[in-house]
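For reference, the structure discussed in these notes is given below.
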Amino acid sequence: MPDSPRAAQFETLLAPILGSAYGVALRLTGNRDDAQDLVQDAALRAFAAFETFEPQTHFKAWFLRVLVNCHLNRARSASRRPQTVALDDGEDALLFEAARREGLMARGVDPADALLARFDADLVAVALSDLPNDFRVVATLFLLEEMSYEEIALIVECPVGTVRSRLHRGRKLLQKALWELARERGLVGKP
Amino acid sequence: MLLGILSCKETIERLDDYLDRELSPQEAKLVVRHLKICHQCAKRFAFERELVEGLRRRLHRIEAPADLLEKIRTSLEAAEMDAASHGNSNPPRGVLKDNQGSL
Ligand SMILES: [Zn+2]
């Protein structure tokens with residue numbers, strides 16, 4: 001156990017949600033080293049601001065808010081690549097139509113399952129981490145943590161309507177990214 | 001919308017909100033009513049629902065490294081020690097263990 005009561009209390013709250021926090025960090029950063037780094041950084045910041053945590057509220061949501069903020073700050077200052085690429089939306093129903101073209105709409109087949117079965121194990125993770133940050137954050141919280149729009153809005157600190165539109169658009173972008181990656185890797189359809 | 005029946009276009013516009021359980025109960029009822037009579041839309045909805053569930057399964061959780069909590073604990077202790085040595089008005093008690101000062 002840590003020495004100070006404050007640190008002990010913090011750690012008691014952190015330990016049960018560390019798995020979730022790391023999972024989110026992994027999808028946000030795209031690799032294990034950066035994920036570990038991000039969680040550690042977030043823990044330090046959260047600890048420094050621990051007085052602002054209200055004990056009756058949800059520690060996980062509070063911690064994830066700190067973590068997402070850390071991530072966005074890092075991404076902004078690093079801005080290794082301009083995040084304007086691939087922002088032209090995929091068409092509506094991109095994968096649905098793709099599944100149809102691939103002949104996966106036969107009776108007794110689940111077309112979504114059949115399509116996903118063709119994707120590499122890490123393809124989904126790569127496609128997700130290829131999304132521009134704003135979309136990646138909401139999509140990660142939605143897919144991984146199965147949060148509602150309202151819960152996500154509290155974490156990313158923006159209106160529910162913004163979450164909704166980012167998520168709807170993020171879905172299309174994710175479908176597009178999945179399809180393009182799968183094609184690059186020769187896993188699906190000839191053009 | 002005519003006589004409480006959504007068109008295909010109106011139904012598809014509600015697809016994401018419906019699947020994410022973000023529609024009001026009344027709106028959701030309208031969507032369900034359409035899906036009961038429209039095979040095409042029902043197929044599309046089923047596809048998108050399965051897709052999200054499949055993506056979730058594929059993003060299954062990866063365990064945090066076993067030593068992550070320990071690493072965090074160490075850095076928190078260092079941070080507290082740092083705060084204490086910089087004359088924080090009320091340094092937490094017991095940060096420095098006996099016989100284990102800042103050598
Ligand atoms: Zn229809």
For A:168, B:86, the accessible-area ranking with a 1.4 Å probe, largest leading, is B:86, A:168
Using unit Cβ charges (K, R positive; D, E negative) and no other charged atoms, how large, in debye to the nearest 20, is the dipole of the protein assembly as shown about its Cα centre? 960 debye
What FRET efficiency do you get for residue A:69 and residue B:85 if R0 is 35 Å and r is their Cβ-Cβ distance, rounded to the nearest 0.05? 0.80
Name the long-range amide H neighbours of residue A:147: under 5 Å, sequence gap of 5 or more, or other chain; modelled H, no Pro or chain starts. A:142
Run the accessible area of the protein assembly as shown with a 1.4 Å probe and give the carbon-and-sulfur part as a rounded percent. 51 percent
Calculate the FRET efficiency for residue A:120 and residue B:66 from the Cβ-Cβ distance with a Förster distance of 41 Å, rounded to the nearest 0.05. 0.90
Using a Gaussian network model on chain A with a 10 Å cutoff between Cα atoms, which of A:106, A:177, A:49 fluctuates the most? A:106
Average other protein chain Cβ within 10 Å of Cβ, residues B:59-71: 5
Cysteines without a disulfide-compatible neighbour (Cβ-Cβ under 4.7 Å), the protein assembly as shown: A:70, A:158, B:8
With no solvent and one point per C-alpha, what does the Debye sum give as log10 I(q)/I(0) for segment A:94-184 at q = 0.16 Å⁻¹? -0.69
Result for the protein assembly as shown: accessible area per residue, probe 1.4 angstrom, in square angstrom, of 54 Å²
Quarter of Cα convex hull surface for chain A, i.e. mean projection, nm²: 13.1 nm²
For residue A:172 the rounded accessible area (nearest 10 Å², probe 1.4 Å, non-protein molecules ignored) is 70 Å²
Summed side-chain charge close to residue B:26 - residues other than residue B:26 whose Cβ falls under 15 Å, Lys, Arg +1, Asp, Glu -1: 0
Once all protein chains are kept in place, residue A:57 shows an accessible area at probe 1.4 Å, nearest 10 Å², of 70 Å²
Per residue of B:5-14, count partner chain C-beta atoms within 10 Å of its C-beta, then hand back the mean as an integer. 0
Mean residue ellipticity (222 nm) of chain A, computed from DSSP H runs ≥ 4 via -39,500 (n - 2.57), nearest 500: -21000 deg cm²/dmol
Solvent-accessible area buried by B and A, counting both chains, probe 1.4 angstrom, square angstrom: 4400 Å²
Taking 41 Å as R0, compute the FRET efficiency from the Cβ-Cβ separation of residue A:102 and residue A:77 and round it to 0.05. 0.45
Chain A, Gaussian network, Cα under 10 Å: of A:40, A:175, A:56, the residue fluctuating most is A:56
When the Cα centres of segment A:143-169 and segment A:1-57 are compared, how far apart do they sit, in Å? 21 Å
Placing +1 at every Lys and Arg Cβ and -1 at every Asp and Glu Cβ, with all other atoms neutral, what dipole size does segment A:94-184 have around its Cα centre, in debye to the nearest 20? 480 debye
Can you give the accessible area of residue A:131, probe radius 1.4 Å, in Å² rounded to 10? 10 Å²
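The values are calculated or read from the model by the stated rules, or taken from the named source; none is laboratory data. Values in this document were obtained by computation on a predicted structure and should not be read as measured data. When we count neighbours, we look across all protein chains shown, and the Cβ atoms used for this are built from the backbone with ideal geometry, even at glycine. To get the accessible areas, we keep the full protein, side chains included, count just its heavy atoms, and leave off ligands, DNA and RNA. Shrake-Rupley method; radii C 1.70, N 1.55, O 1.52, S 1.80 Å.
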